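Structure, as structure tokens:
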Ligand SMILES: [Mn+2]
């Protein structure tokens, strides 16, 4: 994806190549599929995957170069393609990988270019994220439909994982299922105890063709008090107000600060950022917290205010994935946000 932009960048920065190691999320990004093996070279003339004989993938726009004796053939490859100045992804590089590259090339960090490149999504990327969101909505509806079968948070987590594999390419991160007072821990790990009464936070997403979704809904097990309903509706109103305020060019931090203002005295219970970009990674640019990032066209990010009160044991979070088109925007996760109460 966006390989022509890379060529322009190489020219501008006088680089011979961008060199990426496996495990860099940019691997998936550029080949357009889930693949994280070997090394990737993006040069002005062509794009290469430098691989052991164990792999022989076919990606359009990429040539596979197999090595048998790594050291010799790596040197020969670099010489043949005249790679002297190489751009690296400093954010996704092991110390030993960097010191290896340093022995062979003059290095320049291009991690910022790569993060920026991925912020605005292409049509194809948007399609994939939308598909991931659709499956996420489906799984949420299936959780509600099957609720009487679940005894523990772990039961629900397992259900999410199975459905994510059946309906998509698996989960996008370890699902959070937090019932009762567990919900005050924003990143609670699901346990095998009886589900507790009260609010229950369900935060999960799936992967579809390398692209991720991330949604949170908070339901209530039992019957909420008027006070509890009021807190829930406050979080919901803030979430919707922040979605409404999001627009191209707006500084992400301003939106975050706006949410704090709306929380008022309750801002002390909102302990994380307002949201984050999603794409091939679950957290990418922009960061809707303390950051210098601005919202751009075709940005996809989450809006997820939360309320975590240790004293009362109440935890609530509501999260949607939002696509910023020109003047319009689209909320990609469409599950109902009205407070849903389920039987204990
Ligand atoms: Mn999130």
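The values are calculated or read from the model by the stated rules, or taken from the named source; none is laboratory data. Remember, predicted model here, so these are calculated numbers, not experimental data. Because the Cβ atoms are built from the backbone with ideal geometry, glycine has one as well, and the counts that use them run over all protein chains shown.
Working carefully through the options 327, 334, 261, find the one that is away from the ligand (no atom under 16 Å from the Cβ), at pLDDT below 95 and over 14 Å from residue 218 (Cβ atoms).
Values: 334 fails: at pLDDT below 95; 261 fails: at pLDDT below 95.
Sole residue among the options that is away from the ligand (no atom under 16 Å from the Cβ), at pLDDT below 95 and over 14 Å from residue 218 (Cβ atoms): 327.
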*Sort through 314, 248 and tell me the only one that's away from the ligand (no atom under 14 Å from the Cβ), more than 22 Å from the chain's Cα centre (by Cα) and surrounded by 15 or more Cβ atoms within 10 Å (Cβ to Cβ).*
314
*Might you check whether a residue that is surrounded by fewer than 20 Cβ atoms within 10 Å (Cβ to Cβ), touching a residue at least 24 places away in the same chain (Cβ under 8 Å) and out of contact with any strand residue (DSSP E or B) (no Cβ under 7 Å at 6 or more places or on another chain) occurs anywhere in segment 257-266?*
yes
*What pairs come up if the first residue lies in segment 292-314 and is within 18 Å of residue 212 (Cβ to Cβ) and touching a residue at least 40 places away in the same chain (Cβ under 8 Å), the second is more than 12 Å from the ligand (Cβ to nearest atom) and part of a loop (DSSP other than H, G, I, E, B), and their beta carbons are under 6 Å apart, counting only those six or more places apart or on different chains?*
298/121; 300/121
*Residue that is nearest to the ligand (Cβ to nearest atom), among those in segment 212-231 that are assigned to a loop (DSSP other than H, G, I, E, B) and surrounded by fewer than 21 Cβ atoms within 10 Å (Cβ to Cβ)*: 224
_All positions within segment 186-211 that are under 30 Å from residue 124 (Cβ atoms), crowded, with 20+ Cβ neighbours inside 10 Å and in contact with a helix residue (DSSP H, G or I) (Cβ under 6 Å, 6 or more places away or on another chain)_ = 204, 205, 206, 208, 210, 211
*Any idea which residue in segment 267-310 is farthest from the ligand (Cβ to nearest atom), counting only those that are buried (at least 16 other Cβ atoms within 10 Å of the Cβ) and farther than 30 Å from residue 1 by Cβ?*
309
_The conditions are (1) assigned to a helix (DSSP H, G or I); (2) surrounded by fewer than 18 Cβ atoms within 10 Å (Cβ to Cβ), and residue 183 fails exactly one of them. Which is it?_
(2)
*asked:* So, residue 337, is that one loosely packed, with under 15 Cβ neighbours inside 10 Å and in contact (Cβ under 8 Å) with a residue 12 or more places away in the chain or not?
replied: no
*Give the residues of segment 186-210 that are within 16 Å of the ligand (Cβ to nearest atom), in a strand (DSSP E or B) and more than 16 Å from the chain's Cα centre (by Cα), sorted by residue number.*
201, 202
*Can you tell me which residues in segment 14-33 are touching a strand residue (DSSP E or B) at 6+ places or on another chain (Cβ under 8 Å) and loosely packed, with under 14 Cβ neighbours inside 10 Å?*
14
